[in-house]
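First the structure, in the form of structure tokens, and then the observations on it.
The values are calculated or read from the model by the stated rules, or taken from the named source; none is laboratory data. Note that this is a predicted model, so its numbers are computed, not measured. Cβ placement follows ideal geometry from the backbone for every residue including glycine, while neighbour counts extend to all protein chains displayed. Please note that ligands, DNA and RNA were not included when accessible areas were found on the heavy atoms of the full protein model with its side chains. Shrake-Rupley method; radii C 1.70, N 1.55, O 1.52, S 1.80 Å.
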Amino acid sequence: MTAPVPAPEKAKRRIPKTIWDLVFTLVIPIMILSPNLLGEGIGVASLLGDGQTGNVRAYLLAALVPVGYVLWDILVNRNVSPVALIGGAGALFSGALAFWYVDGFWYAIKDSARSYLTGLLFLISAATRVPLFRVFLDAASIGESEADRVATRQAMADPGVHQGLVLGTVAFAVVDVVGGLVNSAVNYQRVTAKFGSDAFNAQVAEVNAIMRVPGMVISLLGVGLAMWLVQRAVKRRFGEQASVFEPSKLAAAMREKGELGV
């Protein structure tokens with residue numbers, strides 16, 4: 001008798017990317033900023049130098065770890081989608097701002113500068129032929145067939161749908177700016193110590209932990225509102241069966257109206 005063929009080993013479960021994102025953009029920076037990570041009064045800052053020097057180095061390290069992680073994701077995983085590149089540019093901007101040593105009001109502004117810049121760029125793009133929110137929609141259709149992607153691009157160029165894209169881009173920008181204002185307000189209230197002190201780093205870590213979930217919720221609200229405005233425009237133009245979330249259905253609705261390829 002021949003020996004039974006062994007069952008194939010189960011593929012190892014990979015840790016979801018979302019977990020890695022949280023580890024490198026939240027958990028590790030908070031650990032680095034904590035003045036008591038290794039015991040009472042002993043943290044990463046105490047290993048990097050005494051007093052203000054160590055605290056500043058720890059602050060910079062905590063700020064640059066997320067930047068390195070985002071760039072690693074783009075370069076090593078060859079994640080060169082427009083959304084990833086926008087995220088990479090934002091990470092570089094945040095990393096550069098880490099070298100602006102401020103506290104109080106200006107730190108509150110600095111910590112939300114990325115949201116303010118993103119909102120400004122999206123608002124400006126709303127007045128152009130390519131509103132930036134379209135980047136998210138184009139990224140969502142990458143896995144679709146070429147015919148369906150062509151239909152999506154044609155639909156996005158339609159004047160009625162373009163108006164929905166403009167409104168969606170503006171809505172996303174406004175919500176992003178509102179999120180930045182909320183973050184600035186919380187930072188201004190809670191980060192009151194002088195830059196370079198143990199208390200400053202601890203307060204920054206505390207606010208990072210406090211604002212992560214609310215910040216994500218606000219961002220998702222902006223994306224959801226923008227998506228709804230675009231979807232509403234698509235349905236008005238091509239019928240209730242059309243969906244910007246399902247390019248094949250959108251292509252079918254356009255084909256039924258005899259407008260695909262026109």
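Under a Cβ-Cβ cut-off of 10 Å, what is the net charge of the residues other than Ser34 that fall near it, where Lys and Arg count +1 and Asp and Glu count -1?
On the way: positive: none; negative: Asp198, Glu206.
After counting each charged neighbour, the total is -2.
Pick out which of Leu220, Leu121, Leu38 has the largest mean-square fluctuation in a Gaussian network model of the chain, springs linking Cα atoms closer than 10 Å.
Leu38
Dividing the convex hull volume of the Cα atoms of the stretch 180-242 by its residue count, what figure in Å³ per residue is obtained? Let's see the in-between values first.
Numbers: hull volume 5.3 nm³, N = 63.
Per-residue hull volume (Cα only) is 84 Å³.
Return a whole-number percent for the relative contact order of the stretch 154-262, with Cα pairs under 8 Å and 6 or more residues apart as the contact set.
Working: 97 pairs, mean separation 35.8, N = 109.
Once divided by the residue count of the stretch 154-262, the mean separation gives 33 percent.
Of (1) 1.27; (2) 0.98; (3) 1.11, which one was derived for Cα Rg over 2.2 N^0.38 Å from the structure shown?
(1)
Hey, what number do you get for the chain at 222 nm if only DSSP H runs of n ≥ 4 count, each worth -39500 (n - 2.57), divided across all residues, to the nearest 500? Write out the running numbers ahead of the final one.
Numbers: 12 runs with 182 residues, N = 262.
After summing the helix terms and dividing by the residues of the chain, the value is -23000 deg cm²/dmol.
Just to be sure I understand the rule: take each whole DSSP H helix in the chain, project its Cα atoms onto its long axis, keep it if the span is 24 Å or more and its mean Kyte-Doolittle hydropathy is at least 1.6. Which ones pass? Don't skip to the end; give the middle numbers.
Numbers: long enough: 51-76 (36 Å, 1.07); 159-190 (46 Å, 0.81); 198-238 (59 Å, 0.69).
Result, helices passing both filters: zero.
To one decimal place, what orientation-averaged projected area in nm² is obtained for the convex hull of the Cα set of the stretch 13-126? Kindly include the intermediate steps, with their values, before the conclusion.
Numbers: hull surface 37.5 nm².
Result: 9.4 nm².
Counting alpha carbon pairs within less than 8 Å and at least 6 residues apart, what relative contact order, in whole percent, applies to the stretch 166-228? Could the numbers behind the result be given before it?
Working: 42 pairs, mean separation 34.4, N = 63.
Taking the mean separation of contacting Cα pairs over the length of the stretch 166-228, I get 55 percent.
Only Cα pairs under 8 Å and at least 6 apart count here; give the relative contact order of the chain as a rounded whole percent.
Values: 313 pairs, mean separation 52.3, N = 262.
Over the chain, the number comes to 20 percent.
Just Gly51, Gly43, Gly68 to compare: in a GNM of the chain, with alpha carbon springs under 10 Å, which one fluctuates most?
Gly51
May I ask you to give the solvent-accessible area per residue for the chain, in square angstrom, as obtained with a 1.4 angstrom probe? Present the calculation step by step, with values, prior to reporting the outcome.
Working: 15100 Å² over 262 residues.
With all protein chains present, the chain gives 58 Å² per residue.
Net charge within 13 Å of Ala63 by Cβ-Cβ distance, Lys/Arg positive one each and Asp/Glu negative one each, not counting Ala63 itself? It would help to have the intermediate numbers written out before the result.
Working: positive: Arg57, Lys110, Arg114; negative: Asp111.
Local net charge: +2.
How many percent of the accessible area of the stretch 26-106 is carbon or sulfur, using a 1.4 Å probe? Numbers along the way, then the final one.
Numbers: 3110 of 4460 Å².
Heavy-atom surface of the stretch 26-106 belonging to carbon and sulfur, 1.4 Å probe: 70 percent.
Give me the tail of P(r) for the stretch 81-229 as a percent: Cα-Cα pairs with distance above 24 Å.
Values: 4433 of 11026 pairs.
Counting every Cα pair in the stretch 81-229, those more than 24 Å apart make up 40 percent.
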